[in-house]
Amino acid sequence: MAFAIIKTGGKQYRVSSGDKIEVEKLDAEVGSTVSLGDVLFYGDEGSFRIGDPLVGGASVKATVLEQFRADKVTNFKYKRRKGYHRTKGHRRAMTRLQIESVNV
């Protein structure tokens, strides 16, 4: 089964047809198709292609399933015996993708 390692949102993901992944927010409508062109590696049943830094002509097509926000992440700073503490938190905007095909 063919797979690829792609880069999006500053992170790398190993994907193949049929996978569902969650990535940093992409500007795309729910139900639309996006093409991810930053393919770093492509592998298929004993053969592979390594990018330098990208594999030429390779792309991954995916369908946008959902735009959502991830669970809250809390950051707590504390200095003992000084009466100092700060709490901050944030929720990342995310996109859920269904991988349709890996093309070379």
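Overview of values
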{"read-out": "Mean Cα-pair separation over length for the chain, i.e. relative contact order, pairs under 8 Å, 6 or more apart, %", "value": "33"}
{"read-out": "Point-charge dipole on Cβ atoms (K/R +1, D/E -1) for segment 3-103, about Cα centre, debye to 20", "value": "1500"}
{"read-out": "Dipole of segment 3-103, positive end: most advanced residue of SER101, THR74, SER17 [Cβ charges, Cα centre]", "value": "THR74"}
{"read-out": "DSSP-loop GluC sites (Glu not before Pro) across segment 14-71, with at most 13 other Cβ within 10 angstrom", "value": "GLU29, GLU45"}
{"read-out": "Relative contact order %, segment 46-104, counting alpha carbon pairs below 8 Å whose residues are six or more apart", "value": "45"}
{"read-out": "Residue pairs, from the table LYS11/LYS88; LYS7/LYS72; LYS25/LYS77; LYS25/LYS72, whose Cα atoms sit over 18 Å apart", "value": "LYS11/LYS88; LYS7/LYS72; LYS25/LYS77"}
{"read-out": "Fewest-first sequence of THR63, THR8 by Cβ atoms within 10 Å of each Cβ", "value": "THR63, THR8"}
{"read-out": "Extension gain (nm, one decimal) between TYR78 and SER35, 0.36 nm per residue minus Cα-Cα", "value": "11.1 nm"}
{"read-out": "Residues LEU26, LEU54, LEU36, sorted so that the one with the fewest Cβ neighbours within 10 Å comes first", "value": "LEU54, LEU26, LEU36"}
{"read-out": "Pairwise label distance in nanometres, PHE48 with SER16, each label 7 Å out on the Cα-Cβ vector", "value": "1.3"}
{"read-out": "Note, ³J(HN,Hα) from phi for segment 34-44, Karplus 6.51, -1.76, 1.60, rounded to Hz, x at Gly and Pro", "value": "10, 10, 9, x, 7, 9, 8, 8, 9, x, 7"}
{"read-out": "Distance-filtered residues of segment 1-30 - backbone nitrogen under 12 Å, label point 7 angstrom along ARG96 Cα→Cβ", "value": "20-23"}
{"read-out": "Exposure proxy order (Cβ contacts within 10 Å, fewest to most) of ARG96, ARG69", "value": "ARG69, ARG96"}
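Here, each number is a calculation from the coordinates, and none is a lab measurement. In this text, all values refer to a predicted model and were calculated from it rather than measured experimentally. A quick note on method: Cβ atoms are made from the backbone with ideal geometry, for glycine too, and the neighbour counts reach across all protein chains shown.
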